[in-house]
Each structure stands twice: as C-alpha cells, then as structure tokens.
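There's a structure below that I have some questions on.
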Amino acid sequence: MSHHSIPSSPASSPLAEEYAAIARGDHATGPRGTIRFAVSTDDPTEGKGDLFVALGLARALRSAGWGVDFWPIGRWTEEVPADTTVLVSMIESFVPGLVPAGTATVAWVRNWTAQWASLPYLAEYDAVWASSSIARDALAAVYDGPVEVVPIGVDLDLFTTEPTDPTEPTDTAGTPTPRSDRTVTTVNFWGARRRVQDVLLEIAPAEPVVWFAANVEHVEPSPGVELRAAVPYFALPEVYRAAAFVVDDVIAPAAEFGTLNSRLYESLACGALPVTDCALGLDELGLGDVPVFTDAASLERAIAMPTAERDALVERLHAVVVERHSYAARAEQVRSSLDAAVERADGRTGDRAPLLRWATLQREELRETAHERDVHRSGVHQINERLIVSEEAVAVLDRGRRDADAARQAAESERDAIALRYEALTRSAEYRVLDRLGRVARRLRQRG
C-alpha cells in the first residue's frame, strides 16, 4: 500500500470561474448565433448533472463561434428570447411551446430514454441526440426526424492528469504528487437507494473505499467504506488524480440503454481506472476493457489489480478518451446536426401551435403543484421526525423520573424500616437493662 492519500478538502479548479461566467450568460452572443440549453438550474453550486454536461459542451461550442446561454426551470413559463438560434433541451419534461417557431430545437437524450420516447411532443424537435446506439434505435422507432448518437463527454482542460491549480500538492521536483493506490467513489445519494450501496456494505478491501456522497449523513456506514461529504464538481479532478480506481454506478433507466455516466470519462481523463456496474454501451465507446463488477467479490478483485497492469490499462483507455470523447470532439461532431436543424427551422415564423403553448404552461403548473406537494410532504416528514425525537426525549425523562421515584421510594422504605427497627430496639427490655447499666458505669467512672 502506498503512503499517499485522497485529499480531504480538494482544491477547486481555476476553471470554475470561467464556467460560472458561462452559466451567468456572459458569453450569450457569438458570430454563429446563440445556443440556449434548457436545464434544471443555471447555478453550478447546486451540483446538477444536466447543467455540467451542458456547460461542458457549451464551453466547446463557444470556442467554435457560438454564443451560449442557459434556460433554467424557473424561466420555463416565459417566452424563450427571440435571438435564440438553437434550443437544446437537456430534460425530458421541457415542453418547447414557448420557443419561437424560427428557433431550431434539439432534444439531447442523455438518460431516461424510455421517458423521452413516450413524449407526445417529441416530434416538435428538429433533431434528437441519443447517448448510445440502443437509445438511438428506441427513439428512431417513435421519431421521424434525424436521430444521432451523441454521448456526453469530458472537458480535457478541466479533467486532466496534470494539475491546473498551482496550490495542488506536488512533490519536491515540482511534478504532481504520485497517486495513491486508494479507491474512491463519488456516487451521490439523493434518497433512492443505489445498487452500489449494497455492494459497498459487503466489500472488504485492503483499504476502505473513500466515498464522497451527497447526503452522506443518510448513508449506512460499513467497515469497507470511509464516508466523506460530497466535494464540489470543480474539485473532482484533484480527487481523481489522487485515486487509483473510481467506482461507478449507473442508474437502472440508463443501464437499460447503455447510456453511461460522465464519471467514466472524467476518471480516465485524470488517469484513474473506473470500475463500473454496467457493461452495456462500453464497447461502442471503445472502452470495453473497463472493469465491470456485479457484487462485492468482483469489485474486490477489480480494485486488487496489480499496479503495472492497472497503469497499462489506464494508458490505453486514457488515449481513447482523449481522442474520441472530449467536448471539443462532440462540438465538432454536432456541427452538421446543428446546421441541419437551423436550416429546418429557417422560414418558420410566429409562435408554436396553441395546443403546445397551452401544454407548456400546464406542464409547468403541474410541476409547481408537485413541488409544493413535495415541500409540504417534506415539512410534514420533518415535523413527524421532530415529534418522534421529542416523544423519545419525553420517554427518556419519564423513565428517568420513574427510576428516580423508585429510588426515592426504596430509600424512604429503607429509612422507615431502620426507624422502626430502632424504635423496636429502644423499647425492648434488653435495651432498657443495658441502658441502665451504661448509666451506672458512667457515674462510677466520674466518681473514680
């Protein structure tokens, strides 16, 4: 085992500010027009995956001459600005009824493929991007327009084997500190149990797996895991550069179609070997040699891989990621798709169909209602939790009071028993005789 460790407080990449500026809309105009992404939020601190994927591609598209901006859920009841050349939807619940008719629309189906395929308004998009060939085929069966395989990718300026932060630890020669032989995972816990949790409950590696998890306080501890709070997205590169292995977990709706996680590319870009629980989709990405686990024993075997073997495998897979899976490569890939979508939208004027506009507003009203319901349920749940805690505290106090009462009663009973015994003794004939003899003896001593 190496003496190197996983940083407890990894530093944020200096690229975080550039990303924040893109999210703020500071680069919304460009010579080729403006691409807006419909996302859950435009705040990177919320840690939403759809935003980071959109930001990664947006940064690359900006370099290709596009202005880039974001259209978060909070604005989905507003008319999309007329200067929007292309609207890329990252979320299946976005209804494009308030998008100008002359704006090209693209559905980027990263996961939840079955839900996307069931949308009654999927035909309103000018193009669909799928994250795997299996997803493409499922979508092409219900969509008459162009469907292209466009997986998510990685920003090679952010996720790299070389530290981009001058404060990141280096050895005395000024090169990055050698990575540890530790295993990490950055799978987050959002309330729904992940398959990897059951595996990590049973695993017994040479050193515990370091798990950076959102809501870590709700994750079950186990001997094979060292639990830590989640780190911000822009601190992940330093974590991956310090790790030998990164455990990945693919949600069931994504695993069904082989639409894989950013973590796969990001860890390899940083020189760590991912170990995933989903083999489907790896081959078409050129990553078929990524180790796959199904249970605790197979995960233990994977992360026990000898260092030389691991390094050789990482070198091969890293080269594939650099060559094929950067967001710069994705931006180049979608160039013709974007141009075709813009051409398809060219000449359309006015508003979308009244029914679609109505459906957009109804969908957002339903979303707000559901949000209020969930907030209400959460409030009730919290009240119930506090009530349970209070009742338990009262029960403890009641038990303590009962115990104190019992102890007091026992002491009082013992006192009363002693008093009765004393009274009985002082009234007995033997006591009176001995008492008189004692008084006589004291008088004799006084006379003597």
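The values are calculated or read from the model by the stated rules, or taken from the named source; none is laboratory data. Fair warning: this is a prediction, and the values are worked out from it, not measured in the lab. Reconstructed Cβ throughout: ideal geometry from the backbone, glycine too, with neighbour counts over all protein chains shown.
Pull up the stretch 220-234, narrow it to residues that are in a loop (DSSP other than H, G, I, E, B) and within 12 Å of the chain's Cα centre (by Cα), then point me to the one that is modelled with the lowest pLDDT.
If we take residues in the stretch 220-234 being in a loop (DSSP other than H, G, I, E, B) and within 12 Å of the chain's Cα centre (by Cα), then Ala230 is modelled with the lowest pLDDT.
Against the conditions (1) at pLDDT 95 or above; (2) in contact with a Phe, Trp or Tyr (Cβ under 6 Å, 6 or more places away or on another chain); (3) surrounded by fewer than 22 Cβ atoms within 10 Å (Cβ to Cβ); (4) under 29 Å from Glu17 (Cα atoms), where does Asn215 fall short? Just the number, please.
Looking at each condition in turn, Asn215 falls short on (1).
Within the stretch 235-247, restricting attention to residues that are under 14 Å from the mean Cα position of the chain (by Cα) and buried (at least 24 other Cβ atoms within 10 Å of the Cβ), which residue is farthest from Leu313 (Cα to Cα)?
Ranking the candidates gives Leu236 first.
Would you check if Ser133 is touching a residue at least 24 places away in the same chain (Cβ under 8 Å) and in contact with a Ser or Thr (Cβ under 9 Å, 6 or more places away or on another chain)?
In short, no.
Out of Gly271, Gly281, report the one residue that is at pLDDT 95 or above, in a loop (DSSP other than H, G, I, E, B) and under 30 Å from Ala20 (Cβ atoms).
Gly271
Sticking with this one: Mind checking whether some residue in the stretch 337-346 is polar (S, T, N, Q), assigned to a loop (DSSP other than H, G, I, E, B) and closer than 30 Å to Ala82 by Cβ?
no
Conditions: (1) among the β-branched types (Val, Ile, Thr); (2) under 29 Å from Ser9 (Cβ atoms); (3) modelled with pLDDT of 95 or more. Thr259 meets all but one. Number of the miss?
Exception for Thr259: condition (2).
Could I ask something else about it? Looking only at the stretch 35-68, which residues are under 24 Å from the mean Cα position of the chain (by Cα) and assigned to a strand (DSSP E or B)?
Residues satisfying the conditions are Phe37, Ala38, Val39.
Shifting gears a bit: Given Ala23, Ala54, which one is buried (at least 17 other Cβ atoms within 10 Å of the Cβ), outside the structural domain of Ala130 (by TED's automatic domain parsing) and modelled with pLDDT of 95 or more?
Ala23
Let me ask something else. Could you say which residue among Glu17, Glu79 is of a type in the set (D, E, K, R), in contact with a Pro (Cβ under 9 Å, 6 or more places away or on another chain) and surrounded by fewer than 17 Cβ atoms within 10 Å (Cβ to Cβ)?
Glu79
Give Ser12, Ser89, Ser40 a once-over and let me know the one that is of a type in the set (S, T, N, Q), free of Cβ contacts under 8 Å to residues at least 60 places away in the same chain and in contact with an Asp or Glu (Cβ under 8 Å, 6 or more places away or on another chain).
Matching residue, one of Ser12, Ser89, Ser40: Ser40.
Across the stretch 20-34, what is the number of residues that are within 15 Å of Trp71 (Cβ to Cβ) and part of a helix (DSSP H, G or I)?
Going through the stretch 20-34 one residue at a time, the tally reaches 3.
Results for (1) outside the structural domain of Ala127 (by TED's automatic domain parsing); (2) out of contact with any His (no Cβ under 7 Å at 6 or more places or on another chain); (3) of a type outside the set (A, V, I, L, M), shown as yes or no for each residue.
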position: Ser298; (1), (2), (3): yes, yes, yes
position: Arg301; (1), (2), (3): yes, yes, yes
position: Met305; (1), (2), (3): yes, yes, no
position: Ala308; (1), (2), (3): yes, yes, no
position: Ala312; (1), (2), (3): yes, yes, no
position: Leu317; (1), (2), (3): yes, yes, no
position: Val320; (1), (2), (3): yes, yes, no
position: Gln333; (1), (2), (3): no, yes, yes
position: Ser337; (1), (2), (3): no, yes, yes
